[in-house]
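Novice: I am attaching a structure below and will ask some questions about it afterwards.
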């Protein structure tokens, strides 16, 4: 019986090393995911100064991991404009279709957890069930790929084009689009958005912050940072948008 237990424990440890179970699980609670680590995006180093001067409030980004079939999970902390609250959102998104498969939004306006540590501890069981349900393999470290990155023998570059016009304070017309350019195969459109000025979205600008590559297949999550007008003008706020792309097909 003892030797059987040793074999089972050894198999479990080997599975964790291969990311067959959440590699961020800890201790006896091996089915639970640890809170994610923040990934600094370009410009985040200026966040404190921008907040102090009242020019910009940035959303923060915490990638969690990938599944073997192209699902990406991440956690964001939206900017708090005037509430004095803690805002958070966990997103599980299919990078083949960009469809959000599951998400949970939270704010502490009515009391409750007011930090990532407290909120994750409170919600850890629910989050772990959902992450496991979609086959997410937690990663301990994420490398943020720059605007151009290598894949096999190719060089790939996400390129954003902004063709928008601001018609009044919040009304925006036009469109933005993102193409993935392959040095070897051509280019393809991976994201398009058309703005309706009647919806008063307050969009100001967008940029590509970088990319996260799946460890399981030729697929990337392109990280966009969009800037929107604040409700009362400055400070403006950023929002993170994730766009999926396969790295080998669809180019022309």
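The values are calculated or read from the model by the stated rules, or taken from the named source; none is laboratory data. On a predicted model such as this, the values are computed, not experimentally measured, just so you know. Heads up, the Cβs are rebuilt from the backbone with ideal geometry, glycines too, and the neighbour counts pull from every protein chain shown.
Novice: Restricting the search to region 228-240, which residues are assigned to a strand (DSSP E or B) and surrounded by fewer than 17 Cβ atoms within 10 Å (Cβ to Cβ)?
Specialist: Taking region 228-240 first, the residues assigned to a strand (DSSP E or B) are 228, 236-240.
Within region 228-240, 239 is the sole residue that qualifies.
Novice: Of everything in region 198-216 that's assigned to a loop (DSSP other than H, G, I, E, B) and within 18 Å of the chain's Cα centre (by Cα), which residue is surrounded by the fewest Cβ atoms within 10 Å (Cβ to Cβ)? Working first, answer last.
Specialist: Here is the first cut: in region 198-216, the residues assigned to a loop (DSSP other than H, G, I, E, B) are 200-202, 214-216.
Imposing the further condition that a residue be within 18 Å of the chain's Cα centre (by Cα) reduces the set to 214-216.
On the way: 214: 22, 215: 12, 216: 14.
Out of the qualifying residues, it is 215.
Novice: Which residue out of 166, 157 is at pLDDT below 95, more than 18 Å from the chain's Cα centre (by Cα) and surrounded by 14 or more Cβ atoms within 10 Å (Cβ to Cβ)? Talk me through it step by step, then tell me what you get.
Specialist: Numbers: 157 fails: at pLDDT below 95.
On inspection, the qualifying residue turns out to be 166.
Novice: Quick one: which residue in 118, 122, 141 is surrounded by fewer than 17 Cβ atoms within 10 Å (Cβ to Cβ), at pLDDT below 95 and not in a strand (DSSP E or B)?
Specialist: Numbers: 118 fails: at pLDDT below 95; 122 fails: at pLDDT below 95.
Answer to the check: 141.
Novice: Does residue 31 satisfy being surrounded by fewer than 15 Cβ atoms within 10 Å (Cβ to Cβ), in contact with a helix residue (DSSP H, G or I) (Cβ under 9 Å, 6 or more places away or on another chain), under 30 Å from residue 135 (Cβ atoms) and in contact (Cβ under 8 Å) with a residue 60 or more places away in the chain?
Specialist: On the way: surrounded by fewer than 15 Cβ atoms within 10 Å (Cβ to Cβ): yes; in contact with a helix residue (DSSP H, G or I) (Cβ under 9 Å, 6 or more places away or on another chain): yes; under 30 Å from residue 135 (Cβ atoms): yes; in contact (Cβ under 8 Å) with a residue 60 or more places away in the chain: yes.
Criteria met by residue 31.
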